[in-house]
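Just below is one structure, and these are the notes that go with it.
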Amino acid sequence: MRIHFTRLDLARTYLADGPDPMWELVNSLQALQTRYGEGVLGGWRRRAAPALHRAGLAAAVRHRLFPLAPHAPYFPDLLTPPEGALGIDAGVEAVLSTPRARLHREIGRLDGGRAGGAWLADLSAGRARALSELGNTMREYDRCAIAPEWNSLRAIVDADLAVRRSALSRGGVEAMLNSFHSGMRWRYPVLELPGHPSAREVHLRG
């Protein structure tokens, strides 16, 4: 993936205060569907999977959340609303309040496969039962798989933020973007993510 910045985009770029519950939810679902990053994520996977089974959530996560947030180049942007910065409940409520036209547009792009095709169709149509099931499953998944790890996650993010803030103070936004090498490459005006599964060219345009 290549993300194209304008000067206005650079001026509007800032560091978050900490981890975002909705991004953690989506990225953790993707991590559960693959084996990448075993050195960093392996211990969490070995704790999360049994916890989901013990809570009786494994089937719901597999049939509802995996098809909605696949480990693939695309997942619906509506799953990571800005309200997530206010906490998991605010984030989930924002997802459930998504206008029907946007639900149809973004969820309609998903394949879903055998696991979630019919349920995704109901969700895409904004049917009340599917939305209620989504909200309940997201909240229970967070409680079971993410909340127990939150303090450790926060410590990791805080340590990373210290590195990014140092780069920002030394050389501005461009130095901060450059500090993410080798996972990302900054060459004005483009931020490249060479390991990303998507080959998209994203133009921010302010």
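Below, the figures for the structure above:
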| item | result |
| --- | --- |
| Qualifying position, being more than 16 Å from the chain's Cα centre (by Cα) and of a type in the set (F, W, Y), among F66, F5 | F5 |
| Filtered residue count, region 108-117, keeping only those that are surrounded by fewer than 17 Cβ atoms within 10 Å (Cβ to Cβ) and either at pLDDT 95 or above or touching a Ser or Thr at 6+ places or on another chain (Cβ under 9 Å) (or both) | 1 |
| Residue identified as assigned to a helix (DSSP H, G or I) and on the phi < 0 side of the Ramachandran plot among G183, G172, G135 | G135 |
| Matching residues, region 157-191, being loosely packed, with under 13 Cβ neighbours inside 10 Å and closer than 13 Å to M1 by Cβ | G183 |
| Region 7-33, residues that are within 15 Å of W150 (Cα to Cα), open to solvent by 40 Å² or more (accessible area, probe 1.4 Å) and assigned to a loop (DSSP other than H, G, I, E, B) | D17 |
| All positions within region 118-130 that are part of a helix (DSSP H, G or I) and either loosely packed, with under 14 Cβ neighbours inside 10 Å or touching a Ser or Thr at 6+ places or on another chain (Cβ under 9 Å) (or both) | A118, A128, R129, A130 |
| Residue pairs meeting the criteria (Cβ under 6 Å; at least 6 apart or on separate chains; first touching a residue at least 60 places away in the same chain (Cβ under 8 Å), in region 8-22; second among the aliphatic types (A, V, I, L, M) and part of a loop (DSSP other than H, G, I, E, B)) | D9/L204 |
| Near pairs, Cβ below 8 angstrom, 6+ apart or cross-chain, from region 46-60 (small (G, A, S)) to any residue that is open to solvent by 60 Å² or more (accessible area, probe 1.4 Å) | A51/P148; A55/E140; A60/E140 |
| Single residue of A90, A118, A130 found to be within 19 Å of the chain's Cα centre (by Cα) and of a type in the set (A, V, I, L, M) | A90 |
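Each row is one residue, and each column tells you yes or no for (1) crowded, with 17+ Cβ neighbours inside 10 Å; (2) more than 16 Å from the chain's Cα centre (by Cα); (3) among the charged types (D, E, K, R); (4) not in a helix (DSSP H, G or I).
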site	(1), (2), (3), (4)
G39	no, yes, no, no
G43	no, yes, no, no
A48	yes, yes, no, no
H53	no, yes, no, no
R62	no, yes, yes, no
P73	no, no, no, yes
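The values are calculated or read from the model by the stated rules, or taken from the named source; none is laboratory data. Just so it is clear, the structure is predicted and the values come from calculations on it, not from any experiment. Cβ sites come from the backbone with ideal geometry, for glycine too, and all protein chains shown count toward neighbours. Side chains are part of the model used for accessible areas, which takes the heavy atoms of the whole protein and leaves out ligands, DNA and RNA. Shrake-Rupley method; radii C 1.70, N 1.55, O 1.52, S 1.80 Å.
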